[in-house]
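The values are calculated or read from the model by the stated rules, or taken from the named source; none is laboratory data. These numbers were taken from a predicted model, which means no experiment stands behind them. Please note: Cβ atoms are built from the backbone with ideal geometry, for glycine as well, and neighbour counts cover all protein chains shown. To get the accessible areas, we keep the full protein, side chains included, count just its heavy atoms, and leave off ligands, DNA and RNA. Shrake-Rupley method; radii C 1.70, N 1.55, O 1.52, S 1.80 Å.
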Amino acid sequence: METEIPAWDFEGVKTAAHDEWNNYLSRIDIDGTDDEKTNFYTCFYHALIQPNQISDVDGMYRNAADSIVKAGTGAFYSTFSLWDTYRAAHPFYTLVIPERVDGFVNSLIEQGEVQGFLPIWGLWGKENFCMIGNHGVSVIAEAYRKGFRGFDAERAFNIIKKTQTVSHPLKSNWEVYTKYGYFPTDLIKAESVSSTLESVYDDYAAADMAHRMGKEEDAAYFAKRADYYKNLFDSQTKFMRPRKADGTWKAPFNPSALGHSESIGGDYTEGNAWQYTWHVQHDVPGLISLFGGEVPFLNKLDSLFTVKLEGESLSDVTGLIGQYAHGNEPSHHVTYLYALAGRPERTQELVREIFDTQYKNKPDGLCGNDDCGQMSAWYMLSAMGFYPVDPVSAEYVFGAPQLPKMTLHLADGKTFTIIAENLSKEHKYVDSITLNGEPYTKKMISHEDIVKGGTLVYKMK
């Protein structure tokens, strides 16, 4: 307190806080209605509330082993809701607050080295074992892929490898996973399908970082495991389905049955087979192939948004459009799958519908828990007209912009301006895209193309 507020000046503290928040929030300028501006900047505010710096002014903090230590880089962060935030919040940070990213990564590494695995859900420097998977792997691999080097890559990969291969009693059993190529529903207590699919993405992330570091043996090992999602796809029902250790499918099977944690049971986490069948962020072409091509894939995807969820409910499964649940994170990339399967106009329609129905300027305006900025990051990135279906790839899949103009003030004084020409309630489809005046015909835009600055123009129709 003596260091931070030596003058003990309330008005001074208030002014400094206002100015610091304004410094962050002014990194993105937008045009739009008053409601749109309130929605956008509320989302921006939500996304920056956490992770929190929990080290004191001398750099000291209490670590996962209950020891008082000094943060390796002077600042230690916690409140990592990683199951949620790896999807869009951390990609958003790499664009808008890149100066914090290395600190986040170093904090994940430090906690991981003390407790023996990367944080699953880090809170006040300790593990609370909430949720599944271990998406600190994704956050670190994404940062490395995007060129962040303010951390020791060897240390980082060592704890990634340990996280993904050394079992610990509460949340991982890698011996079972590698023996069967999935988590059998009769050998683990709950969430077998979701735990497999979430772990598969982390394996892919580990493989990507290993490859970029020249660790080809590790890359091959994790790349093989990144294909395990195929072992849970039932070609008859066309769902990701719980499977027993003997290879048979668990029966009876109700794709609408919701599951969550050991207390409730079920093979899915805050969701069901309808929602988790699409959880293959790193290999959408492979998932399409399992369905037998784009036509059956798109037919099933259409059903997701039209088949109603009936029967039991869960407080986390909200913001429903058919079985699609925007109020919970496993659905967040799904609307963008249309764009990757040849029907971008359907992505564009759904993004507009979600904006109109799931984000409103009122106290209960969110359709679900914001989950440490993830719900908000979806809104902001989607407003820009793109979304990171696969964060580690450093590519953002095009949807449709939702604001007429926005300018991102990036690092090193660069700006990235996004313009939606002719945008209106009626004109919600993208006719063409140019980047710096040149036609841009790809399905995705790269992180590199954004951070070097420029002007992205969508012509709407």
Collect the residues in segment 335-350 that are surrounded by fewer than 23 Cβ atoms within 10 Å (Cβ to Cβ), free of Cβ contacts under 8 Å to residues at least 60 places away in the same chain and closer than 15 Å to Met444 by Cα, keeping them in residue-number order. Ala341, Gly342, Arg343
Give segment 1-28 a look and list any residue that's within 18 Å of Thr407 (Cα to Cα) and either small (Gly, Ala, Ser) or in contact with a Lys or Arg (Cβ under 8 Å, 6 or more places away or on another chain) (or both), or say none. Ser26
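Between Ala190, Ala210, Ala245, Ala206, which is outside any helix (DSSP H, G or I), in contact (Cβ under 8 Å) with a residue 12 or more places away in the chain, among the aliphatic types (A, V, I, L, M) and surrounded by 19 or more Cβ atoms within 10 Å (Cβ to Cβ)?
On the way: Ala210 fails: outside any helix (DSSP H, G or I); Ala245 fails: surrounded by 19 or more Cβ atoms within 10 Å (Cβ to Cβ); Ala206 fails: outside any helix (DSSP H, G or I).
Answer to the check: Ala190.
Using the structure shown, decide if Gly373 is touching a helix residue (DSSP H, G or I) at 6+ places or on another chain (Cβ under 7 Å), within 25 Å of Arg87 (Cβ to Cβ) and at pLDDT below 95. Even if it seems obvious, please write down each step before you answer.
Values: touching a helix residue (DSSP H, G or I) at 6+ places or on another chain (Cβ under 7 Å): yes; within 25 Å of Arg87 (Cβ to Cβ): yes; at pLDDT below 95: no.
No: the conditions fail for Gly373.
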Segments classed as helices (runs of 4 or more DSSP H), wholly inside segment 19-124, with at least 3 members that are open to solvent by 40 Å² or more (accessible area, probe 1.4 Å): 34-48, 98-115
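Name the residues in segment 351-382 that are of a type in the set (A, V, I, L, M, F, W, C) and within 20 Å of Lys442 (Cβ to Cβ), would you? Full working, then the answer.
First, pick out the residues of segment 351-382 that are of a type in the set (A, V, I, L, M, F, W, C): 351, 354-355, 366-367, 372, 375, 377-378, 380-381.
Those that are of a type in the set (A, V, I, L, M, F, W, C) and within 20 Å of Lys442 (Cβ to Cβ): Val351, Leu381.
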Only one of (1) under 23 Å from the mean Cα position of the chain (by Cα); (2) modelled with pLDDT under 95; (3) open to solvent by 50 Å² or more (accessible area, probe 1.4 Å) is not met by Lys224, so which one is it? (2)
Test: residue in segment 219-240 that is in a loop (DSSP other than H, G, I, E, B), free of Cβ contacts under 8 Å to residues at least 12 places away in the same chain and more than 24 Å from Val389 (Cα to Cα): yes
Which listed residue, of Gln402, Gln374, is open to solvent by less than 20 Å² (accessible area, probe 1.4 Å) and over 30 Å from Val137 (Cβ atoms): Gln402
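Could you check how many residues of segment 402-420 are more than 14 Å from Leu25 (Cα to Cα) and either of a type in the set (Gly, Ala, Ser) or in contact with a Pro (Cβ under 9 Å, 6 or more places away or on another chain) (or both)?
Qualifying residue count, segment 402-420: 5.
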Restricting attention to segment 275-310, and to residues there that are charged (D, E, K, R) and farther than 19 Å from Pro330 by Cβ, which single residue is most open to solvent (accessible area, probe 1.4 Å)? Glu310
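If you go through segment 161-176 one residue at a time, do you hit one that is open to solvent by less than 10 Å² (accessible area, probe 1.4 Å), farther than 27 Å from Phe239 by Cα and either polar (S, T, N, Q) or at pLDDT 95 or above (or both)? Spell out the reasoning first.
Here is the first cut: in segment 161-176, the ones open to solvent by less than 10 Å² (accessible area, probe 1.4 Å) are 163-164.
Narrowing the set further to residues that are farther than 27 Å from Phe239 by Cα leaves 163.
Then keep just the ones that are either polar (S, T, N, Q) or at pLDDT 95 or above (or both); that gives 163.
Yes: one or more hits.
Just to verify a result, which residue in segment 412-447, among those that are of a type in the set (Gly, Ala, Ser) and farther than 22 Å from Tyr336 by Cα, is surrounded by the fewest Cβ atoms within 10 Å (Cβ to Cβ)?
Step one: list which residues in segment 412-447 are of a type in the set (Gly, Ala, Ser), which gives 413, 420, 424, 432, 437, 446.
From what is left, the residues that are farther than 22 Å from Tyr336 by Cα are 413, 437.
Details: Gly413: 7, Gly437: 9.
Checking each candidate, the answer is Gly413.
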